[in-house]
1. Beta carbons within 10 angstrom, averaged per residue: use that to sort the peptides 194-203, 164-173, highest first.
2. Residue separation times 0.36 nm, minus the C-alpha to C-alpha distance between Arg248 and Gln161: what's the value?
3. For the stretch 148-379, what number results from the quotient of the Cα radius of gyration and 2.2 N^0.38 Å?
4. Excluding ligands, DNA and RNA, what is the solvent-accessible area per residue of the stretch 226-381 at a probe of 1.4 Å, expressed in Å²?
5. Taking the mean number of other Cβ atoms within 10 Å as a proxy for protection, how do you rank 357-364, 225-232, 329-336 from highest to lowest?
6. Please give the peptides 343-350, 258-265 ranked by average Cβ packing (other Cβ atoms within 10 Å per residue), highest first, as a rough proxy for protection.
7. Can you give me the distance in nm between label points at Leu268 and Gln206, each placed 7 Å from the Cα along the Cα-to-Cβ direction?
8. Taking θ as phi - 60°, what are the ³J(HN,Hα) couplings along the stretch 286-294 by the Karplus curve (6.51, -1.76, 1.60), each to the nearest whole Hz, with x for Gly and Pro?
Amino acid sequence: GVPFSRQAAQVQQPTATPPPHAPGGSGRRRKLGTPPDPAQRQEQQPEQAAGRPHPSAEPAAPGQPIPGQPGAGQPGPAPAQASLAGQSRLAPGTEGAGRSYAIGAPDADAAEGPEPLDGPGGAIEVADAPLPQPLDDELPPEPLDNPRRLLVWPAPDATTQQALSDRGYRPVIVHSREEVDAQIAAFPAALFVDPLTGPITRTALQSLRQAAVAAEVPVLVTAGLGQATREAAYGADPAVLLKALAPRDSEQHPPRVLLIEEHAEIALALTSTLERRGMQVARAGSDNDAVTLAGQFRPNLVVMDLMQVHRRQAGITGIIDWLRTNGQLNRTPLVVYTAAVDQADLPRLASGETVLFLAERSTSTEVQSRIVDLLARIGTN
């Protein structure tokens, strides 16, 4: 009861596309539109000949039945001469005239051919990637800013300014955290806090330290220590400055301060005032002893007598080099001080008759040279 022409079409084309809801099939995902009736097809001929795009629809073969159409058992009409492979949507006059079916993608070993290259999702023209240019060994290393910037607060005095310029630094004065953040792109060598020309506040110091540590910029602070009775002391308690500088691992952990001081009387006085402020203190008698102690203590802040800091010499590794090697130099602020304490007054300091207070640091040529040398060692990080 089946016409002979339909049987011949099925034998000649065994891979015909099954109906949309029939099980099996190749699984190819392609949108097929139901052709309109012949009267509407004639109206579409001018627009189809204009080459409007269409999502990769392929005309049915002559004599192949079209599923879902009346007379599916009859041989289908011949396809239109104009190709539908380039159309993107139906013509405005015939929109909604047919239905689209989504058919799965073909399997890896399917008998169906490859995806056509002239439709959406087909071949894409890719320009040749540019060849990498050889590096120029003569280019200066980053950063290109020469001389290198050094963040300073407050403004340095004339002697310090000249010493920094001679060493290849360009001091840039910063007053707030926003100004520090604005200079990070220039890779500054360090943040240098030198309260020699003006007072500093604890809030501003803490804000600048937080900005520098967050940007991985080393922090160096200078100070001076004086000795006097409590009534005669005209400076603040050193613990006020150090607590504002000392970061902590968490709110539950107190800051850990590594103190490098060879005089036991000065070390005990500093330790006592720092512990009263809730900080842990570990004391080393020399720069070399501090290296061993730092590996056990892991300090958050390093405080040292400037005159005990080793100059750069072959075979000598001090606390600065240890911090750099262990990745702690950018997160551990350093405080270097000069102590205006006479040897004869040390027993009075040990007994509590006198106390230490913050004062101006020494401005001698040796001290200036040591500070600039220390900045040079820190800035090479």
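The values are calculated or read from the model by the stated rules, or taken from the named source; none is laboratory data. These figures come from a predicted structure and were not determined experimentally. Note that we place each Cβ from the backbone using ideal geometry, even for glycine, and neighbour counts take in every protein chain shown. Heavy atoms of the whole protein, side chains included, go into the accessibility calculation; ligands, DNA and RNA do not. Shrake-Rupley method; radii C 1.70, N 1.55, O 1.52, S 1.80 Å.
1. Those peptides, ordered most packed to least, come out 164-173, 194-203.
2. Extra length from Arg248 to Gln161 when fully extended: 28.1 nm.
3. The reported ratio for this selection is 0.96.
4. Here the per-residue accessible area is 46 Å².
5. 329-336, 357-364, 225-232
6. 258-265, 343-350
7. Taking the simple label geometry, Leu268 and Gln206 are separated by 3.2 nm.
8. Taking θ as phi minus 60°, the curve returns 8, 5, 5, 5, 5, 5, 5, 5, 5 Hz for the stretch 286-294.
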